[in-house]
Amino acid sequence: MRQEQNIILIRNKHKLFMKETKLDQITSQESSLILNTARKFLEEEIYPYEEKVDKIGEVPIELGKQIEEKAKEAGLFAANLPVAVGGGGLDYKSMSILEREYGKTTHALHSWIARPTEILLACNDEQKEEYLYPCVKGDKRELFALTEPEAGSDVMGMKSNAVKKGDDWILNGSKHFISGPCLPDFAIVFAATGEDKTNRGTRKRITAFLVNRGLKGFDIREGTKCVSYRGYKTFALNFDDVKLSSKMILGEEGKGLELSGKWLGMGRIWVGASCCGKAERMIQLSSEWAAQRKQFGQPIGKFQAVSFKLADMALGLRAADLLVKDAVEKAERSIMKDEDAAMVKLFCSEMVNKVADETVQIYGGMGLMEEMPIQRLWRDSRLERIWDGTSEIQRHIISRSILRPLGA
Ligand SMILES: Cc1cc2nc3c(=O)[nH]c(=O)nc-3n(C[C@H](O)[C@H](O)[C@H](O)COP(=O)(O)OP(=O)(O)OC[C@H]3O[C@@H](n4cnc5c(N)ncnc54)[C@H](O)[C@@H]3O)c2cc1C
């Protein structure tokens, strides 16, 4: 397979410099190899299509498939999953480099470079054949379906439920805002399968199911369009007495939240890294504009009111990058906590929105013109404070970690 050849090629190169360099140099050479691969890929396969996709609000299927194929050739496809299951086997540090680069562009396009949901690693052997391996090869696409019309931030308020009937489960309920590049082959659906008594009161038992598109009673259709990342699709899912066998449970019955929590934590780090990438792109655009655009006979960057904005933007980005680095290092050592991920998500997403707003300000009226990329990056940035848990929910997680040990 071409993708495997590419990965082997990269590894062989690593072996070469392992002979002659120290460990930290290997790491930095490996990082620059990954960075250069991602940059070249974006320049050739993604940036040329950004504007058109934003304008038509759609990624033509041939373009999506082309990105998929080129990503396989470049060794970028499913790079997040272990080599043992056919993935690229990149560690968290390498993935943070990739996600930071991808953040410079739109989800509508870079989501075609699949990074299958890591919770699929919880598949048993039979499920691996049907779901995990096809996703790694690009033969199937999945969606991660947690949010419901009446249960967004309040996950435990979910109404979707599955009731045991003989050996089967009967699923009812609905999901919305479930996003992906294209119509999926199956969805990982979270539903209540009962209640548990805990010392904090009664708690819903949440179970994750693998639900194939096409099953009787499972309706999936495109949802309303989002102004961030135009062309990236959201879907509305409806379940009406959908019969599921016990074999469709992912992981253990009642352990769905633990599974999703594990995945959401790293997801928040990737959001943070991607916000850093987007901020870097906007800072570069703003700096170039501030150096070129003249008013009152001089570049606007000569006015302290403008140059100080650039200083604050650069400082915000530096701090955000360091937070991502810190969390990635903790994740590598398996000591990352919920509040570490929440701090990254909160700080980076708020930082990129400040940068986006100041970028528009530095561009003046031109920043809002359709033919400029600024308004697109500004619109795209806005979603980052909402998905994967809003800023308010991240503050809640952080403050809870401070107060709970004190009994409050
Ligand atoms: C484009 C897009 C793609 C998405 N993709 C997916 C996906 O693939 N899978 C998936 O499962 N979900 C997905 N989501 C859903 C996303 O995670 C939710 O939108 C998000 O969690 C917020 O939920 P909500 O929109 O229902 O807002 P709500 O929960 O209704 O919140 C509204 C406001 O109230 C605030 N609020 C709520 N509760 C509290 C509280 N306790 N304290 C303080 N403030 C509070 C919120 O912070 C927010 O400001 C996507 C959303 C979008 C827009």
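If only residues of the range 200-228 that are modelled with pLDDT under 95 and either more than 12 Å from the ligand (Cβ to nearest atom) or of a type in the set (Phe, Trp, Tyr) (or both) are counted, the one that is least open to solvent (accessible area, probe 1.4 Å) is 201. Screening residue 248 on (1) within 19 Å of residue 150 (Cβ to Cβ); (2) buried (at least 23 other Cβ atoms within 10 Å of the Cβ) shows it passes everything except condition (1).
Check 246, 260 and return the single one that is within 25 Å of residue 125 (Cβ to Cβ), in contact (Cβ under 8 Å) with a residue 40 or more places away in the chain and either within 16 Å of the ligand (Cβ to nearest atom) or aliphatic (A, V, I, L, M) (or both). Working first, answer last.
On the way: 246 fails: either within 16 Å of the ligand (Cβ to nearest atom) or aliphatic (A, V, I, L, M) (or both).
From the options 246, 260, the qualifying one is 260.
When the residues of the range 172-195 are filtered to those that are within 12 Å of the ligand (Cβ to nearest atom) and open to solvent by 40 Å² or more (accessible area, probe 1.4 Å), which remaining residue is farthest from the chain's Cα centre (by Cα)? The selected residue is 176.
A single member of 97, 67 is within 16 Å of residue 275 (Cα to Cα) and either outside the structural domain of residue 42 (by TED's automatic domain parsing) or among the β-branched types (Val, Ile, Thr) (or both), and it is 97. Which condition from (1) touching a residue at least 60 places away in the same chain (Cβ under 8 Å); (2) in a strand (DSSP E or B); (3) within 30 Å of residue 45 (Cβ to Cβ) is the one that residue 169 breaks? The failed condition is (3).
In the range 124-151, the residues that are under 24 Å from residue 77 (Cβ atoms) form Cβ pairs under 8 Å with partners that are aromatic (Phe, Trp, Tyr) and within 16 Å of the ligand (Cβ to nearest atom), at six or more places apart or across chains, as follows: 131/186; 140/186; 142/186; 143/186; 143/235; 144/263; 145/190. Determine which member of the set 109, 120, 143, 132 is more than 18 Å from residue 187 (Cα to Cα) and either part of a helix (DSSP H, G or I) or hydrophobic (A, V, I, L, M, F, W, C) (or both). Just one listed residue meets the conditions, 109. Scanning the range 164-171 for residues that are open to solvent by 40 Å² or more (accessible area, probe 1.4 Å), more than 21 Å from the chain's Cα centre (by Cα) and β-branched (Val, Ile, Thr) turns up nothing.
Yes or no, residue by residue, for (1) under 23 Å from residue 64 (Cβ atoms); (2) out of contact with any Phe, Trp or Tyr (no Cβ under 9 Å at 6 or more places or on another chain); (3) hydroxyl-bearing (Ser, Thr, Tyr):
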residue: 172; (1), (2), (3): no, no, no
residue: 184; (1), (2), (3): yes, no, no
residue: 187; (1), (2), (3): yes, no, no
residue: 190; (1), (2), (3): no, no, no
residue: 195; (1), (2), (3): no, yes, no
residue: 222; (1), (2), (3): yes, no, no
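Per this entry, residue 144 is not counted among residues that are assigned by TED's automatic domain parsing to the domain that holds residue 200, farther than 19 Å from residue 258 by Cα and within 16 Å of the ligand (Cβ to nearest atom).
The values are calculated or read from the model by the stated rules, or taken from the named source; none is laboratory data. Just so we're clear, the structure is a prediction, and the values are computed from it rather than from any experiment. Glycine gets a Cβ as well: all are built from the backbone with ideal geometry, and neighbour counts include every protein chain shown. Calculation scope for accessible area: heavy atoms of the full protein, side chains included, ligands and nucleic acids excluded. Shrake-Rupley method; radii C 1.70, N 1.55, O 1.52, S 1.80 Å.
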